[in-house]
Amino acid sequence: MTASDIDFPTDRHGWAELLPARQTRPPLETDHRAAWAVIGAGLTGLACARRLAALCPDGEILLLDAREVGQGASGRNSGFAVAVSHFPGGYSAKERHNYARVNRINKAGLNLLNDQILEHGISCQWSAAGFHHGAADHWAANECGHFKRYLEAMEIAHTLLDGEAMAARLGTHHYRAGIHVHDGALLQPAALVRGLADSLPANVRLFERSPVLALETGRPIRLRLHNAMVATDKVVLATNYEAGKLGYLRRRILGSTLSGSFTRRLSGDERADLGELDQWGLLSLHGGGATVRLTMDGRLSLRNTAEYRAAALLTGRQLAQRQVRHRAAFQARFPALQHVPFEYGWSGVEGISRNETNYFGRQDNGVYFAGGYNGSGVTRGTAFGTALADYAAGGQSSLIGDCLASAPGQWIPPRPFLDIAAALAIRARFKDVGRDR
Ligand SMILES: Cc1cc2nc3c(=O)[nH]c(=O)nc-3n(C[C@H](O)[C@H](O)[C@H](O)COP(=O)(O)OP(=O)(O)OC[C@H]3O[C@@H](n4cnc5c(N)ncnc54)[C@H](O)[C@@H]3O)c2cc1C
């Protein structure tokens with residue numbers, strides 16, 4: 001299986017463009033022999049390479065990314081580091097072990113990120129004060145009751161909020177109810193991954209703009225790049241939904257394209273009218289609802305589209321069309337800020353599986369993979385990447401056990417059935433979304 005250049009598109013519409021320019025690492029242009037190669041420098045690959053470096057202090061870990069660090073999903077997400085997952089539908093006692101397992105993985109990732117940010121002084125607008133889950137319309141309000149029962153049954157710290165309390169905190173009367181989950185963090189995703197990449201241990205060699213075009217198993221395993229060959233004993237695929245380009249999990253993971261917008265920075269007066277929190281994040285209790293943030297640097301950000309576009313980013317024209325939807329949702333929530341323009345729009349592609357599972361483990365002789373996460377990969381990717389390093393190096397831990405217990409992924413049909421199934425899945429995602437969009 002051979003990928004080509006065209007298979008790794010990128011653009012200048014991510015969260016990275018809100019940051020000062022960064023010196024990228026040059027591409028790999030000479031042949032190389034390494035004990036370990038990690039393909040993909042998103043949160044999974046960065047965590048995996050960091051952990052491998054600690055496990056093999058005398059060995060070299062090669063970390064290769066097709067794009068610049070921060071241009072994959074890990075640098076383009078909405079910046080919610082989730083500790084407590086929301087499982088839609090009523091609380092089910094027989095799922096209790098599964099809820100606890102997933103939340104242990106989330107928490108492990110959150111703690112790892114927190115420690116790395118502190119240790120390396122990574123400046124990424126990290127704020128570990130949890131975040132809000134909101135309901136504007138009937139369906140989500142009903143789901144709010146389900147979520148409350150789950151949080152109570154699992155003894156997870158939270159605060160219930162009515163519409164007035166939501167408005168007092170967030171400065172919008174749009175929500176009729178909400179829940180603040182105390183654990184979890186908000187962050188600037190591109191700043192986080194850049195900070196993680198720029199603080200890797202000395203025995204990790206990172207090469208950016210270095211797509212791996214082919215992977216041949218054998219002893220050693222060979223990776224073909226444009227101008228270089230890599231021979232390695234073990235490979236970690238941290239490529240998420242792009243694993244199929246190298247011949248793995250082709251019918252198990254897809255890319256779903258999401259988009260959002262940011263306002264310019266609000267003025268002091270505009271912020272003062274917004275409510276008592278000087279920054280916040282809100283996840284909708286409806287799976288098709290808008291994700292909204294007031295960022296630490298004073299921008300409102302809103303993401304509310306999701307679609308199947310064969311894992312492509314949106315073109316400038318498509319993004320402008322989606323911004324009409326972002327704008328309508330923004331104006332419904334912040335009518336007093338109608339004069340505030342969007343300064344910027346972004347799209348990103350997240351890895352999804354049919355049954356919302358994650359992938360972890362060995363794929364082939366010497367080839368390991370972790371990914372999936374269905375829109376919740378900031379903490380989970382960090383935990384999976386770390387655990388995968390331990391697993392591939394022959395270790396054992398309770399975190400490995402939790403990751404290995406992920407349900408097997410369901411088969412995804414080829415086109416044209418895929419197009420029909422994707423259209424139905426998107427329609428189901430937005431069913432009854434109402435005012436939560
Ligand atoms: C718009 C959006 C909002 C989201 N919001 C949230 C959120 O708020 N919270 C949350 O937890 N999750 C969120 N997610 C999901 C989260 O971003 C992802 O689950 C997570 O970033 C996945 O990390 P990863 O390292 O596995 O994959 P990626 O970040 O996709 O990294 C994979 C890397 O592999 C590289 N690669 C692929 N193939 C090759 C190859 N052949 N050779 C070399 N390099 C290769 C790619 O360039 C890429 O950098 C969101 C996603 C999107 C798109």
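The values are calculated or read from the model by the stated rules, or taken from the named source; none is laboratory data. Predicted model, so just to flag it, every value in this text is computed and none were measured. In this analysis, Cβ positions are derived from the backbone assuming ideal geometry, glycine residues included, and neighbour counts consider all displayed protein chains.
Key figures
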{"quantity": "Test for A214: is it under 28 Å from N103 (Cβ atoms), modelled with pLDDT of 95 or more and in contact with a strand residue (DSSP E or B) (Cβ under 9 Å, 6 or more places away or on another chain)", "calculated": "no"}
{"quantity": "Matching residues, the stretch 89-115, being outside any helix (DSSP H, G or I) and either within 16 Å of the chain's Cα centre (by Cα) or at pLDDT 95 or above (or both)", "calculated": "Y91, S92"}
{"quantity": "Total residues in the stretch 47-82, condition near the ligand (Cβ under 6 Å from one of its atoms) and over 17 Å from L206 (Cβ atoms)", "calculated": "7"}
{"quantity": "When residues of the stretch 228-242 are limited to those that are under 18 Å from the mean Cα position of the chain (by Cα) and buried (at least 24 other Cβ atoms within 10 Å of the Cβ), the one farthest from the ligand (Cβ to nearest atom)", "calculated": "L237"}
{"quantity": "Any pair with Cβ under 8 angstrom, 6 or more apart, that starts in the stretch 394-405 at a residue that is surrounded by fewer than 19 Cβ atoms within 10 Å (Cβ to Cβ) and ends at one that is of a type in the set (F, W, Y) and not in a helix (DSSP H, G or I)", "calculated": "L404/F360"}
{"quantity": "Meets criteria (over 30 Å from W346 (Cα atoms) and of a type outside the set (G, A, S)) for L161", "calculated": "yes"}
{"quantity": "Those residues of the stretch 37-88 which are assigned to a strand (DSSP E or B) and touching a Cys at 6+ places or on another chain (Cβ under 9 Å), in sequence order", "calculated": "V38, I61, L63"}
{"quantity": "Given (1) surrounded by fewer than 21 Cβ atoms within 10 Å (Cβ to Cβ); (2) in contact (Cβ under 8 Å) with a residue 12 or more places away in the chain, number of the condition L246 does not satisfy", "calculated": "(1)"}
{"quantity": "Matching entry among A140, A165 (being surrounded by 22 or more Cβ atoms within 10 Å (Cβ to Cβ), at pLDDT 95 or above and in a helix (DSSP H, G or I))", "calculated": "A140"}
{"quantity": "Out of L225, L283, sole residue that is assigned by TED's automatic domain parsing to the domain that holds Q318 and within 11 Å of the ligand (Cβ to nearest atom)", "calculated": "L283"}
{"quantity": "Hey, L258 within 10 Å of the ligand (Cβ to nearest atom) and either in a helix (DSSP H, G or I) or in contact with a Phe, Trp or Tyr (Cβ under 7 Å, 6 or more places away or on another chain) (or both) or not", "calculated": "no"}
{"quantity": "Complete set of residues in the stretch 323-369 that are within 23 Å of A425 (Cα to Cα), of a type outside the set (G, A, S), over 17 Å from the mean Cα position of the chain (by Cα) and buried (at least 21 other Cβ atoms within 10 Å of the Cβ)", "calculated": "H326"}
{"quantity": "Residues located in the stretch 335-376, provided they are part of a loop (DSSP other than H, G, I, E, B), at pLDDT 95 or above and near the ligand (Cβ under 10 Å from one of its atoms)", "calculated": "N358, G372, Y373, S376"}
